[in-house]
Amino acid sequence: MRMISSDVLPDTLLRDGLITEAVYRRFKRLSEGSSEDTMTLLVSSGIIGEEKLYRHLAELAGVPYTDLDPLDLDYQVVTECLPGAYAQAKGIVAFKDDGNRISLAVSSLPTPVQIDDMSNMLGKEIVLYLSRPRAIDKVIRQFYGLHSSILAATKELSGNDTVDIGNLERFVDSTADRSIEPTDKPVINAVNHLFQHAFEERASDIHIEPHRDSTVVRFRIDGVLHLVYRLPKKLHFAITSRIKMIAGLNIAEKRRPQDGRIRTYYEGKPVEIRCSTVPIAFGEKIVLRILDPAILMQDLSVLGFDKRDMELYTKMISFPTGLVLVTGPTGSGKTTTLYSSLITISSEQNNIVTIEDPVEFVTDEFNQITVQKAIDLTFITALRHVLRQDPDIIMVGEIRDRETAVSAMRSALTGHLVLSTLHTNDTASTVVRLMDMGVEPYLLVSTLRGIVAQRLVRSICPHCREEYTPDSTECELAGVKPGTKLIRGAGCRECRNTGYKGRVAIFEVMAVNEEIRQALVNRASLDEIRRIALSMGMVTLREAGMKKVIEGVTTVSEIVRVTAGGL
(Lines give C-alpha, C1' and ligand atoms only; values in the text may rest on other atoms or scores of the structure.)
Protein backbone atom coordinates (compact mmCIF):
# COMPACT_ATOMS: atom_id res chain seq x y z
CA MET A 1 0.00 0.00 0.00
CA ARG A 2 1.25 3.46 -0.93
CA MET A 3 0.26 6.51 1.11
CA ILE A 4 -1.27 9.17 -1.16
CA SER A 5 -1.68 12.82 -0.27
CA SER A 6 -5.10 14.15 -1.28
CA ASP A 7 -3.43 17.36 -2.53
CA VAL A 8 -1.94 15.52 -5.51
CA LEU A 9 -5.29 14.05 -6.62
CA PRO A 10 -6.29 16.91 -8.98
CA ASP A 11 -2.97 16.49 -10.82
CA THR A 12 -3.34 12.69 -11.09
CA LEU A 13 -6.93 13.05 -12.27
CA LEU A 14 -5.75 15.35 -15.05
CA ARG A 15 -2.80 13.10 -15.87
CA ASP A 16 -5.00 10.00 -16.18
CA GLY A 17 -7.61 11.76 -18.30
CA LEU A 18 -10.40 11.67 -15.71
CA ILE A 19 -10.86 15.44 -15.90
CA THR A 20 -10.08 17.96 -18.62
CA GLU A 21 -7.68 20.88 -18.45
CA ALA A 22 -10.62 23.31 -18.25
CA VAL A 23 -12.15 21.38 -15.32
CA TYR A 24 -8.74 21.26 -13.63
CA ARG A 25 -8.37 25.05 -13.87
CA ARG A 26 -11.93 25.52 -12.56
CA PHE A 27 -11.10 23.36 -9.53
CA LYS A 28 -7.96 25.38 -8.82
CA ARG A 29 -10.05 28.55 -8.77
CA LEU A 30 -12.62 26.94 -6.47
CA SER A 31 -9.97 25.68 -4.06
CA GLU A 32 -8.49 29.14 -3.51
CA GLY A 33 -9.80 30.27 -0.15
CA SER A 34 -12.03 27.19 0.31
CA SER A 35 -12.08 25.60 3.76
CA GLU A 36 -13.09 22.16 2.41
CA ASP A 37 -10.47 19.49 2.04
CA THR A 38 -9.46 18.50 -1.49
CA MET A 39 -11.47 15.27 -1.73
CA THR A 40 -14.65 16.77 -0.33
CA LEU A 41 -14.38 19.77 -2.65
CA LEU A 42 -13.77 17.57 -5.70
CA VAL A 43 -17.05 15.76 -5.08
CA SER A 44 -19.20 18.62 -3.75
CA SER A 45 -18.29 20.90 -6.65
CA GLY A 46 -19.20 18.26 -9.22
CA ILE A 47 -15.66 17.96 -10.56
CA ILE A 48 -15.84 14.16 -10.31
CA GLY A 49 -18.22 11.57 -8.91
CA GLU A 50 -17.50 10.11 -5.49
CA GLU A 51 -17.21 6.52 -6.72
CA LYS A 52 -14.89 7.42 -9.61
CA LEU A 53 -12.69 9.48 -7.29
CA TYR A 54 -12.30 6.70 -4.72
CA ARG A 55 -11.66 4.08 -7.39
CA HIS A 56 -8.90 6.32 -8.68
CA LEU A 57 -7.44 6.77 -5.19
CA ALA A 58 -7.55 3.00 -4.60
CA GLU A 59 -5.64 2.41 -7.83
CA LEU A 60 -2.99 4.98 -6.87
CA ALA A 61 -2.62 3.49 -3.38
CA GLY A 62 -2.48 -0.08 -4.66
CA VAL A 63 -5.42 -1.33 -2.59
CA PRO A 64 -8.63 -2.95 -3.86
CA TYR A 65 -11.85 -0.94 -4.05
CA THR A 66 -15.23 -2.16 -2.81
CA ASP A 67 -18.62 -0.51 -2.96
CA LEU A 68 -20.51 -1.76 0.05
CA ASP A 69 -24.09 -2.91 -0.48
CA PRO A 70 -25.96 -3.42 2.81
CA LEU A 71 -27.95 -6.28 1.28
CA ASP A 72 -24.76 -8.23 0.55
CA LEU A 73 -23.32 -7.91 4.06
CA ASP A 74 -23.58 -10.31 6.96
CA TYR A 75 -25.21 -8.50 9.85
CA GLN A 76 -23.28 -10.47 12.48
CA VAL A 77 -19.89 -9.92 10.81
CA VAL A 78 -20.43 -6.17 10.57
CA THR A 79 -21.70 -5.66 14.10
CA GLU A 80 -19.63 -8.21 16.02
CA CYS A 81 -16.14 -7.60 14.58
CA LEU A 82 -15.92 -3.91 15.47
CA PRO A 83 -17.61 -1.87 18.21
CA GLY A 84 -20.09 0.64 16.81
CA ALA A 85 -18.44 3.68 18.38
CA TYR A 86 -15.04 2.66 16.98
CA ALA A 87 -16.46 1.99 13.49
CA GLN A 88 -18.21 5.35 13.43
CA ALA A 89 -15.24 7.32 14.77
CA LYS A 90 -12.77 5.76 12.31
CA GLY A 91 -15.10 5.37 9.33
CA ILE A 92 -14.46 1.61 9.10
CA VAL A 93 -16.74 -1.34 8.30
CA ALA A 94 -15.76 -4.99 8.75
CA PHE A 95 -17.49 -6.86 5.93
CA LYS A 96 -15.76 -10.24 5.67
CA ASP A 97 -14.28 -12.59 8.25
CA ASP A 98 -12.34 -15.62 6.98
CA GLY A 99 -11.28 -16.80 10.41
CA ASN A 100 -7.64 -15.67 10.37
CA ARG A 101 -8.18 -12.63 8.14
CA ILE A 102 -10.70 -9.85 8.33
CA SER A 103 -11.58 -7.48 5.46
CA LEU A 104 -12.11 -3.85 6.40
CA ALA A 105 -13.61 -1.11 4.22
CA VAL A 106 -12.14 2.32 4.98
CA SER A 107 -12.81 5.76 3.55
CA SER A 108 -9.33 7.08 4.36
CA LEU A 109 -6.11 5.07 4.26
CA PRO A 110 -4.67 4.32 7.71
CA THR A 111 -0.94 4.46 8.42
CA PRO A 112 1.05 1.21 8.86
CA VAL A 113 1.11 1.85 12.62
CA GLN A 114 -2.70 2.18 12.67
CA ILE A 115 -3.04 -1.04 10.67
CA ASP A 116 -0.85 -2.87 13.19
CA ASP A 117 -2.95 -1.49 16.05
CA MET A 118 -6.18 -2.73 14.42
CA SER A 119 -4.62 -6.13 13.72
CA ASN A 120 -3.56 -6.46 17.35
CA MET A 121 -6.97 -5.34 18.56
CA LEU A 122 -8.79 -7.87 16.37
CA GLY A 123 -6.19 -10.61 16.67
CA LYS A 124 -6.31 -11.20 12.92
CA GLU A 125 -4.58 -10.22 9.70
CA ILE A 126 -6.05 -7.07 8.17
CA VAL A 127 -7.05 -6.83 4.49
CA LEU A 128 -7.85 -3.23 3.57
CA TYR A 129 -10.35 -2.08 0.95
CA LEU A 130 -11.11 1.50 0.03
CA SER A 131 -14.76 2.54 -0.17
CA ARG A 132 -16.90 5.66 -0.52
CA PRO A 133 -17.61 7.56 2.74
CA ARG A 134 -21.33 7.61 1.94
CA ALA A 135 -21.43 3.83 1.52
CA ILE A 136 -19.61 3.32 4.81
CA ASP A 137 -21.81 5.84 6.64
CA LYS A 138 -24.94 4.12 5.30
CA VAL A 139 -23.85 0.69 6.51
CA ILE A 140 -22.86 2.04 9.94
CA ARG A 141 -26.21 3.83 10.30
CA GLN A 142 -28.34 0.89 9.18
CA PHE A 143 -26.49 -1.92 10.93
CA TYR A 144 -25.25 -0.35 14.15
CA GLY A 145 -28.46 1.63 14.68
CA LEU A 146 -30.45 -1.60 14.73
CA HIS A 147 -27.70 -3.46 16.56
CA SER A 148 -27.61 -1.04 19.47
CA SER A 149 -31.37 -1.40 19.89
CA ILE A 150 -31.09 -5.20 19.75
CA LEU A 151 -28.29 -5.23 22.33
CA ALA A 152 -30.34 -3.07 24.67
CA ALA A 153 -33.41 -5.25 24.20
CA THR A 154 -31.38 -8.44 24.68
CA LYS A 155 -29.93 -7.01 27.89
CA GLU A 156 -33.48 -6.49 29.13
CA LEU A 157 -33.99 -10.21 28.63
CA SER A 158 -30.68 -11.29 30.20
CA GLY A 159 -31.00 -14.43 32.25
CA ASN A 160 -34.16 -15.44 30.41
CA ASP A 161 -33.07 -18.23 28.08
CA THR A 162 -36.41 -19.94 27.60
CA VAL A 163 -38.20 -18.80 24.47
CA ASP A 164 -41.32 -19.94 22.70
CA ILE A 165 -40.13 -21.56 19.48
CA GLY A 166 -43.49 -21.96 17.91
CA ASN A 167 -46.58 -23.94 17.23
CA LEU A 168 -45.05 -27.31 16.34
CA GLU A 169 -42.87 -27.72 19.40
CA ARG A 170 -45.08 -26.82 22.34
CA PHE A 171 -43.25 -29.27 24.62
CA VAL A 172 -40.53 -26.65 25.07
CA ASP A 173 -41.12 -24.56 28.19
CA SER A 174 -42.29 -21.18 26.90
CA THR A 175 -42.68 -19.53 30.29
CA ALA A 176 -40.44 -16.61 31.14
CA ASP A 177 -39.47 -14.93 34.36
CA ARG A 178 -39.74 -11.55 32.71
CA SER A 179 -40.76 -10.52 29.21
CA ILE A 180 -39.71 -7.41 27.40
CA GLU A 181 -42.62 -5.13 26.58
CA PRO A 182 -43.34 -3.89 23.04
CA THR A 183 -43.36 -0.34 24.42
CA ASP A 184 -39.77 -0.58 25.70
CA LYS A 185 -37.55 1.99 23.98
CA PRO A 186 -35.02 -0.52 22.54
CA VAL A 187 -37.81 -2.43 20.77
CA ILE A 188 -39.35 0.77 19.41
CA ASN A 189 -35.95 1.83 18.06
CA ALA A 190 -35.32 -1.61 16.52
CA VAL A 191 -38.62 -1.53 14.60
CA ASN A 192 -38.03 2.07 13.52
CA HIS A 193 -34.56 1.19 12.19
CA LEU A 194 -36.03 -1.79 10.37
CA PHE A 195 -38.60 0.42 8.60
CA GLN A 196 -35.98 3.07 7.77
CA HIS A 197 -33.67 0.46 6.24
CA ALA A 198 -36.52 -0.93 4.12
CA PHE A 199 -37.50 2.54 2.87
CA GLU A 200 -33.91 3.39 1.93
CA GLU A 201 -33.53 0.13 -0.02
CA ARG A 202 -36.81 0.66 -1.94
CA ALA A 203 -38.28 -2.54 -0.50
CA SER A 204 -41.88 -3.40 -1.39
CA ASP A 205 -42.23 -6.03 1.36
CA ILE A 206 -40.62 -6.89 4.70
CA HIS A 207 -40.69 -10.55 5.79
CA ILE A 208 -40.07 -11.31 9.49
CA GLU A 209 -39.76 -15.09 9.75
CA PRO A 210 -39.22 -17.10 12.96
CA HIS A 211 -36.83 -20.04 12.61
CA ARG A 212 -35.80 -22.57 15.25
CA ASP A 213 -32.80 -20.60 16.57
CA SER A 214 -33.19 -17.11 15.09
CA THR A 215 -35.52 -14.67 13.38
CA VAL A 216 -34.79 -13.93 9.73
CA VAL A 217 -35.61 -10.57 8.14
CA ARG A 218 -35.88 -10.39 4.36
CA PHE A 219 -36.70 -7.51 2.00
CA ARG A 220 -38.35 -7.88 -1.40
CA ILE A 221 -36.74 -5.43 -3.81
CA ASP A 222 -37.81 -5.27 -7.48
CA GLY A 223 -39.66 -8.54 -6.99
CA VAL A 224 -36.71 -10.48 -5.51
CA LEU A 225 -36.24 -11.40 -1.82
CA HIS A 226 -32.93 -10.54 -0.09
CA LEU A 227 -31.81 -11.80 3.33
CA VAL A 228 -31.00 -8.75 5.44
CA TYR A 229 -30.75 -9.73 9.13
CA ARG A 230 -30.63 -12.72 11.46
CA LEU A 231 -31.88 -11.58 14.85
CA PRO A 232 -31.81 -13.36 18.24
CA LYS A 233 -34.87 -15.60 18.58
CA LYS A 234 -35.63 -14.28 22.05
CA LEU A 235 -36.48 -10.88 20.52
CA HIS A 236 -39.03 -12.25 18.08
CA PHE A 237 -42.05 -11.87 20.36
CA ALA A 238 -41.10 -8.34 21.40
CA ILE A 239 -40.57 -7.15 17.80
CA THR A 240 -43.72 -8.80 16.42
CA SER A 241 -45.73 -7.48 19.36
CA ARG A 242 -44.50 -3.95 18.68
CA ILE A 243 -45.48 -4.23 15.01
CA LYS A 244 -48.88 -5.71 15.90
CA MET A 245 -49.45 -2.92 18.42
CA ILE A 246 -48.85 -0.09 15.93
CA ALA A 247 -50.84 -2.00 13.27
CA GLY A 248 -53.86 -2.15 15.58
CA LEU A 249 -53.82 -5.94 15.95
CA ASN A 250 -54.50 -8.15 18.96
CA ILE A 251 -51.11 -8.81 20.58
CA ALA A 252 -52.43 -11.70 22.68
CA GLU A 253 -53.80 -13.57 19.65
CA LYS A 254 -51.02 -15.71 18.16
CA ARG A 255 -52.98 -18.66 16.82
CA ARG A 256 -55.02 -16.94 14.11
CA PRO A 257 -53.99 -14.84 11.09
CA GLN A 258 -54.56 -11.10 11.44
CA ASP A 259 -54.47 -8.12 9.10
CA GLY A 260 -53.81 -4.49 9.94
CA ARG A 261 -52.17 -1.36 8.65
CA ILE A 262 -49.59 1.21 9.72
CA ARG A 263 -49.35 4.79 8.49
CA THR A 264 -45.98 6.51 8.73
CA TYR A 265 -43.79 9.01 6.88
CA TYR A 266 -40.55 8.79 4.93
CA GLU A 267 -38.76 11.90 3.71
CA GLY A 268 -41.86 13.94 4.48
CA LYS A 269 -44.20 11.76 2.38
CA PRO A 270 -46.94 9.48 3.73
CA VAL A 271 -46.35 5.74 3.51
CA GLU A 272 -48.97 3.06 4.14
CA ILE A 273 -47.80 -0.34 5.41
CA ARG A 274 -50.16 -3.30 5.23
CA CYS A 275 -49.47 -5.87 7.95
CA SER A 276 -50.31 -9.57 7.77
CA THR A 277 -49.56 -12.17 10.44
CA VAL A 278 -49.86 -15.96 10.20
CA PRO A 279 -48.85 -18.68 12.68
CA ILE A 280 -46.13 -20.96 11.25
CA ALA A 281 -43.96 -23.75 12.67
CA PHE A 282 -41.73 -21.63 14.91
CA GLY A 283 -43.96 -18.68 15.77
CA GLU A 284 -45.78 -15.86 14.05
CA LYS A 285 -44.57 -14.71 10.65
CA ILE A 286 -45.22 -11.09 9.73
CA VAL A 287 -45.23 -9.70 6.20
CA LEU A 288 -45.35 -5.93 5.81
CA ARG A 289 -46.29 -4.60 2.38
CA ILE A 290 -45.07 -1.05 1.81
CA LEU A 291 -47.54 0.95 -0.25
CA ASP A 292 -46.31 4.16 -1.83
CA PRO A 293 -49.21 6.39 -2.97
CA ALA A 294 -47.01 7.81 -5.73
CA ILE A 295 -46.80 4.29 -7.19
CA LEU A 296 -50.39 3.20 -6.49
CA MET A 297 -51.92 6.27 -8.10
CA GLN A 298 -50.21 7.06 -11.38
CA ASP A 299 -51.23 8.32 -14.77
CA LEU A 300 -52.28 5.37 -16.91
CA SER A 301 -49.86 6.45 -19.63
CA VAL A 302 -46.81 5.62 -17.48
CA LEU A 303 -47.88 2.12 -16.42
CA GLY A 304 -46.53 0.41 -19.54
CA PHE A 305 -49.46 0.17 -21.98
CA ASP A 306 -48.53 0.42 -25.65
CA LYS A 307 -50.56 2.78 -27.84
CA ARG A 308 -53.12 0.21 -29.05
CA ASP A 309 -53.72 -1.32 -25.65
CA MET A 310 -53.93 2.09 -24.00
CA GLU A 311 -56.70 3.14 -26.40
CA LEU A 312 -58.60 -0.12 -25.82
CA TYR A 313 -58.35 0.04 -22.05
CA THR A 314 -59.24 3.74 -21.86
CA LYS A 315 -62.34 2.97 -23.93
CA MET A 316 -63.28 0.07 -21.61
CA ILE A 317 -63.23 2.20 -18.46
CA SER A 318 -65.02 5.08 -20.22
CA PHE A 319 -68.28 3.11 -20.58
CA PRO A 320 -70.92 4.17 -18.04
CA THR A 321 -71.87 0.53 -17.43
CA GLY A 322 -70.30 -2.90 -17.69
CA LEU A 323 -67.61 -5.05 -16.07
CA VAL A 324 -63.85 -4.63 -16.58
CA LEU A 325 -61.52 -7.26 -15.11
CA VAL A 326 -57.80 -6.95 -14.34
CA THR A 327 -56.12 -10.34 -13.85
CA GLY A 328 -52.79 -11.75 -12.78
CA PRO A 329 -51.09 -13.41 -9.80
CA THR A 330 -50.44 -11.75 -6.45
CA GLY A 331 -47.87 -8.96 -6.79
CA SER A 332 -48.47 -8.34 -10.49
CA GLY A 333 -49.57 -4.72 -10.05
CA LYS A 334 -53.34 -5.17 -10.38
CA THR A 335 -54.11 -2.76 -7.53
CA THR A 336 -51.95 -0.04 -9.09
CA THR A 337 -53.79 -0.43 -12.40
CA LEU A 338 -57.20 -0.25 -10.70
CA TYR A 339 -56.36 2.72 -8.48
CA SER A 340 -54.81 4.57 -11.42
CA SER A 341 -57.91 3.79 -13.48
CA LEU A 342 -60.20 5.18 -10.79
CA ILE A 343 -58.12 8.34 -10.54
CA THR A 344 -58.38 8.73 -14.33
CA ILE A 345 -62.18 8.49 -14.43
CA SER A 346 -62.94 10.17 -11.10
CA SER A 347 -64.70 13.52 -11.10
CA GLU A 348 -67.04 15.57 -8.93
CA GLN A 349 -69.94 14.13 -10.92
CA ASN A 350 -69.03 10.50 -10.10
CA ASN A 351 -69.68 8.60 -6.88
CA ILE A 352 -66.89 6.01 -6.70
CA VAL A 353 -67.12 3.24 -4.10
CA THR A 354 -64.48 0.56 -3.48
CA ILE A 355 -64.95 -2.72 -1.60
CA GLU A 356 -61.56 -4.15 -0.60
CA ASP A 357 -60.06 -6.84 1.60
CA PRO A 358 -58.21 -5.00 2.98
CA VAL A 359 -58.20 -1.38 1.74
CA GLU A 360 -54.81 -1.04 0.06
CA PHE A 361 -54.40 2.71 0.48
CA VAL A 362 -56.72 5.12 2.26
CA THR A 363 -57.51 8.14 0.12
CA ASP A 364 -60.10 10.92 0.05
CA GLU A 365 -60.68 10.35 -3.68
CA PHE A 366 -63.01 7.36 -3.16
CA ASN A 367 -65.52 5.98 -0.65
CA GLN A 368 -63.71 2.90 0.61
CA ILE A 369 -65.22 -0.09 2.42
CA THR A 370 -63.17 -2.79 4.15
CA VAL A 371 -64.51 -6.34 4.11
CA GLN A 372 -64.99 -7.59 7.69
CA LYS A 373 -66.02 -11.23 7.89
CA ALA A 374 -66.38 -11.07 11.67
CA ILE A 375 -69.48 -8.88 11.28
CA ASP A 376 -70.63 -10.57 8.05
CA LEU A 377 -69.52 -7.63 5.90
CA THR A 378 -68.43 -9.64 2.86
CA PHE A 379 -67.97 -8.57 -0.75
CA ILE A 380 -71.53 -9.71 -1.46
CA THR A 381 -73.22 -7.98 1.49
CA ALA A 382 -71.20 -4.81 0.96
CA LEU A 383 -72.09 -4.79 -2.73
CA ARG A 384 -75.77 -5.22 -1.91
CA HIS A 385 -75.74 -2.17 0.36
CA VAL A 386 -73.49 -0.10 -1.90
CA LEU A 387 -76.17 -0.26 -4.61
CA ARG A 388 -78.42 1.73 -2.27
CA GLN A 389 -75.73 4.43 -2.00
CA ASP A 390 -76.31 5.75 -5.54
CA PRO A 391 -72.89 4.70 -6.94
CA ASP A 392 -71.66 5.42 -10.46
CA ILE A 393 -68.47 3.34 -10.35
CA ILE A 394 -67.80 0.36 -8.11
CA MET A 395 -64.48 -1.37 -7.54
CA VAL A 396 -64.69 -4.88 -6.09
CA GLY A 397 -61.25 -5.83 -4.76
CA GLU A 398 -61.37 -9.46 -5.91
CA ILE A 399 -63.82 -11.95 -7.37
CA ARG A 400 -63.25 -15.15 -5.40
CA ASP A 401 -66.43 -17.16 -5.97
CA ARG A 402 -69.58 -17.46 -8.04
CA GLU A 403 -71.69 -15.35 -5.68
CA THR A 404 -69.33 -12.38 -5.85
CA ALA A 405 -69.00 -12.71 -9.62
CA VAL A 406 -72.77 -12.81 -10.15
CA SER A 407 -73.34 -9.87 -7.78
CA ALA A 408 -70.71 -7.79 -9.60
CA MET A 409 -72.25 -8.59 -12.98
CA ARG A 410 -75.78 -7.80 -11.81
CA SER A 411 -74.47 -4.48 -10.51
CA ALA A 412 -73.06 -3.83 -13.98
CA LEU A 413 -76.44 -4.79 -15.50
CA THR A 414 -78.24 -2.18 -13.38
CA GLY A 415 -76.34 0.78 -14.77
CA HIS A 416 -72.96 0.84 -13.04
CA LEU A 417 -69.36 0.51 -14.17
CA VAL A 418 -67.72 -2.25 -12.12
CA LEU A 419 -63.97 -2.86 -11.95
CA SER A 420 -62.55 -5.96 -10.30
CA THR A 421 -59.70 -8.48 -10.26
CA LEU A 422 -59.38 -12.21 -10.73
CA HIS A 423 -56.42 -14.54 -10.22
CA THR A 424 -55.96 -16.06 -13.68
CA ASN A 425 -52.98 -16.40 -16.02
CA ASP A 426 -54.25 -14.58 -19.11
CA THR A 427 -57.32 -12.94 -20.64
CA ALA A 428 -58.84 -15.94 -22.43
CA SER A 429 -58.60 -18.22 -19.41
CA THR A 430 -60.50 -15.60 -17.35
CA VAL A 431 -63.82 -16.09 -19.13
CA VAL A 432 -63.38 -19.87 -18.97
CA ARG A 433 -62.67 -19.61 -15.23
CA LEU A 434 -65.85 -17.57 -14.70
CA MET A 435 -67.94 -20.15 -16.54
CA ASP A 436 -66.27 -22.90 -14.49
CA MET A 437 -67.39 -20.99 -11.38
CA GLY A 438 -70.96 -21.38 -12.60
CA VAL A 439 -71.52 -17.93 -14.11
CA GLU A 440 -74.08 -18.18 -16.90
CA PRO A 441 -72.86 -17.10 -20.36
CA TYR A 442 -75.72 -14.59 -20.73
CA LEU A 443 -74.33 -12.60 -17.78
CA LEU A 444 -70.86 -12.51 -19.33
CA VAL A 445 -72.24 -11.49 -22.71
CA SER A 446 -74.40 -8.75 -21.19
CA THR A 447 -71.82 -7.17 -18.89
CA LEU A 448 -68.20 -7.94 -19.82
CA ARG A 449 -66.47 -5.00 -21.56
CA GLY A 450 -62.93 -6.30 -21.51
CA ILE A 451 -60.18 -8.11 -19.65
CA VAL A 452 -56.61 -7.07 -18.91
CA ALA A 453 -53.91 -9.56 -17.86
CA GLN A 454 -50.68 -8.13 -16.51
CA ARG A 455 -47.27 -8.89 -15.00
CA LEU A 456 -44.47 -6.80 -13.51
CA VAL A 457 -41.01 -7.12 -15.07
CA ARG A 458 -37.73 -5.65 -13.87
CA SER A 459 -36.45 -2.65 -15.83
CA ILE A 460 -32.88 -2.39 -17.09
CA CYS A 461 -30.81 -0.18 -14.80
CA PRO A 462 -30.39 3.25 -16.44
CA HIS A 463 -26.92 3.65 -14.92
CA CYS A 464 -25.26 0.62 -16.51
CA ARG A 465 -27.14 0.09 -19.77
CA GLU A 466 -25.03 -1.44 -22.51
CA GLU A 467 -25.52 -2.88 -25.97
CA TYR A 468 -24.80 -6.54 -26.67
CA THR A 469 -25.31 -9.07 -29.42
CA PRO A 470 -27.81 -11.76 -28.33
CA ASP A 471 -27.38 -15.42 -29.22
CA SER A 472 -29.64 -17.21 -31.69
CA THR A 473 -32.08 -18.37 -29.01
CA GLU A 474 -32.59 -14.84 -27.67
CA CYS A 475 -33.00 -13.48 -31.20
CA GLU A 476 -35.68 -16.08 -31.92
CA LEU A 477 -37.54 -15.33 -28.68
CA ALA A 478 -37.39 -11.57 -29.24
CA GLY A 479 -38.32 -11.93 -32.91
CA VAL A 480 -35.28 -10.04 -34.19
CA LYS A 481 -32.74 -10.86 -36.87
CA PRO A 482 -29.39 -12.42 -35.86
CA GLY A 483 -26.81 -9.71 -35.20
CA THR A 484 -29.39 -7.23 -33.90
CA LYS A 485 -28.17 -5.27 -30.90
CA LEU A 486 -30.19 -5.45 -27.69
CA ILE A 487 -29.80 -3.70 -24.32
CA ARG A 488 -28.96 -5.19 -20.91
CA GLY A 489 -27.63 -3.97 -17.57
CA ALA A 490 -23.95 -4.61 -16.98
CA GLY A 491 -24.40 -4.36 -13.20
CA CYS A 492 -23.34 -1.43 -11.05
CA ARG A 493 -23.59 0.04 -7.58
CA GLU A 494 -27.00 1.59 -8.27
CA CYS A 495 -28.60 -1.76 -9.13
CA ARG A 496 -26.50 -3.92 -6.76
CA ASN A 497 -24.91 -5.56 -9.79
CA THR A 498 -28.21 -7.11 -10.86
CA GLY A 499 -28.54 -5.07 -14.05
CA TYR A 500 -32.10 -4.11 -13.07
CA LYS A 501 -33.62 -1.19 -11.20
CA GLY A 502 -37.34 -0.65 -10.81
CA ARG A 503 -40.21 -2.45 -12.50
CA VAL A 504 -42.66 -1.84 -15.33
CA ALA A 505 -45.88 -3.64 -16.25
CA ILE A 506 -46.63 -5.61 -19.40
CA PHE A 507 -50.24 -6.07 -20.49
CA GLU A 508 -52.49 -8.34 -22.53
CA VAL A 509 -55.74 -6.52 -23.36
CA MET A 510 -58.77 -8.31 -24.73
CA ALA A 511 -61.77 -6.19 -25.69
CA VAL A 512 -65.00 -8.20 -25.77
CA ASN A 513 -66.58 -7.82 -29.23
CA GLU A 514 -69.54 -9.51 -30.94
CA GLU A 515 -67.49 -12.47 -32.14
CA ILE A 516 -66.23 -13.21 -28.62
CA ARG A 517 -69.74 -12.75 -27.22
CA GLN A 518 -71.07 -15.33 -29.67
CA ALA A 519 -68.27 -17.71 -28.66
CA LEU A 520 -69.28 -17.27 -25.02
CA VAL A 521 -72.91 -18.05 -25.82
CA ASN A 522 -71.68 -21.26 -27.51
CA ARG A 523 -69.46 -22.05 -24.49
CA ALA A 524 -66.40 -22.07 -26.74
CA SER A 525 -63.13 -23.61 -25.55
CA LEU A 526 -60.18 -21.68 -24.18
CA ASP A 527 -58.22 -22.16 -27.41
CA GLU A 528 -61.12 -20.91 -29.53
CA ILE A 529 -61.57 -17.76 -27.45
CA ARG A 530 -57.84 -17.09 -27.60
CA ARG A 531 -57.81 -17.64 -31.38
CA ILE A 532 -60.60 -15.10 -31.87
CA ALA A 533 -58.86 -12.52 -29.65
CA LEU A 534 -55.57 -12.96 -31.52
CA SER A 535 -57.31 -12.61 -34.86
CA MET A 536 -58.69 -9.26 -33.63
CA GLY A 537 -55.13 -8.03 -32.95
CA MET A 538 -54.66 -8.91 -29.27
CA VAL A 539 -51.01 -8.86 -28.17
CA THR A 540 -50.10 -11.65 -25.70
CA LEU A 541 -48.13 -11.07 -22.53
CA ARG A 542 -45.05 -12.72 -24.07
CA GLU A 543 -45.32 -10.53 -27.20
CA ALA A 544 -45.87 -7.39 -25.12
CA GLY A 545 -42.80 -8.29 -23.10
CA MET A 546 -40.63 -8.82 -26.16
CA LYS A 547 -41.71 -5.39 -27.42
CA LYS A 548 -40.27 -3.98 -24.20
CA VAL A 549 -37.06 -5.93 -24.92
CA ILE A 550 -36.72 -4.37 -28.38
CA GLU A 551 -37.45 -0.93 -26.88
CA GLY A 552 -34.58 -1.46 -24.40
CA VAL A 553 -36.82 -1.48 -21.33
CA THR A 554 -36.10 -5.03 -20.10
CA THR A 555 -34.35 -8.24 -21.14
CA VAL A 556 -35.28 -11.50 -22.84
CA SER A 557 -34.42 -13.56 -19.75
CA GLU A 558 -36.67 -11.39 -17.57
CA ILE A 559 -39.65 -11.79 -19.92
CA VAL A 560 -39.11 -15.55 -20.12
CA ARG A 561 -38.95 -15.72 -16.31
CA VAL A 562 -42.16 -13.75 -15.80
CA THR A 563 -44.21 -15.24 -18.63
CA ALA A 564 -43.04 -18.86 -18.27
CA GLY A 565 -45.58 -21.07 -19.92
CA GLY A 566 -47.23 -18.11 -21.64
CA LEU A 567 -47.60 -17.59 -25.36
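The values are calculated or read from the model by the stated rules, or taken from the named source; none is laboratory data. Bear in mind the structure is a predicted one, so any value in this text is a computation, not a measurement. All Cβ positions, even for glycine, are placed from backbone atoms using ideal geometry, and neighbour counts span all protein chains on display.
Figures for the structure shown
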read-out	value
Exclusive hit being at pLDDT below 85 and surrounded by fewer than 19 Cβ atoms within 10 Å (Cβ to Cβ), set 98, 16, 37	37
Residue match in region 502-512 (condition: acidic (Asp, Glu) and assigned to a helix (DSSP H, G or I))	no
Residue 478 without any contact (Cβ under 8 Å) to a residue 12 or more places away in the chain, surrounded by 13 or more Cβ atoms within 10 Å (Cβ to Cβ) and farther than 23 Å from residue 312 by Cα	no
Test result for residue 215, closer than 23 Å to residue 265 by Cα, surrounded by 20 or more Cβ atoms within 10 Å (Cβ to Cβ) and at pLDDT 90 or above	no
Candidate set: region 270-292, residues that are among the small types (Gly, Ala, Ser) and surrounded by fewer than 21 Cβ atoms within 10 Å (Cβ to Cβ); chosen: the one farthest from residue 358 (Cα to Cα)	281
Qualifying residue in region 121-131 (condition: free of Cβ contacts under 8 Å to residues at least 24 places away in the same chain and farther than 30 Å from residue 239 by Cβ)	yes
Scan of region 439-483 for residues that are basic (Lys, Arg) and either under 22 Å from residue 326 (Cβ atoms) or assigned to a strand (DSSP E or B) (or both), ordered by number	449, 455, 458, 465
Test: residue in region 323-339 that is over 27 Å from residue 205 (Cβ atoms) and either touching a His at 6+ places or on another chain (Cβ under 8 Å) or outside the structural domain of residue 199 (by TED's automatic domain parsing) (or both)	yes
Subset of region 352-383 (residues that are of a type in the set (S, T, N, Q) and under 21 Å from residue 404 (Cβ atoms))	354, 367, 368, 370, 372, 378, 381
Failed criterion for residue 476 (all others in (1) under 29 Å from the mean Cα position of the chain (by Cα); (2) within 14 Å of residue 557 (Cα to Cα) hold)	(1)
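Okay, residues lined up against (1) in contact with a Leu (Cβ under 9 Å, 6 or more places away or on another chain); (2) assigned to a helix (DSSP H, G or I); (3) charged (D, E, K, R); (4) assigned by TED's automatic domain parsing to the domain that holds residue 128:
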site: 30; (1), (2), (3), (4): yes, yes, no, yes
site: 48; (1), (2), (3), (4): yes, no, no, yes
site: 52; (1), (2), (3), (4): yes, yes, yes, yes
site: 77; (1), (2), (3), (4): no, yes, no, yes
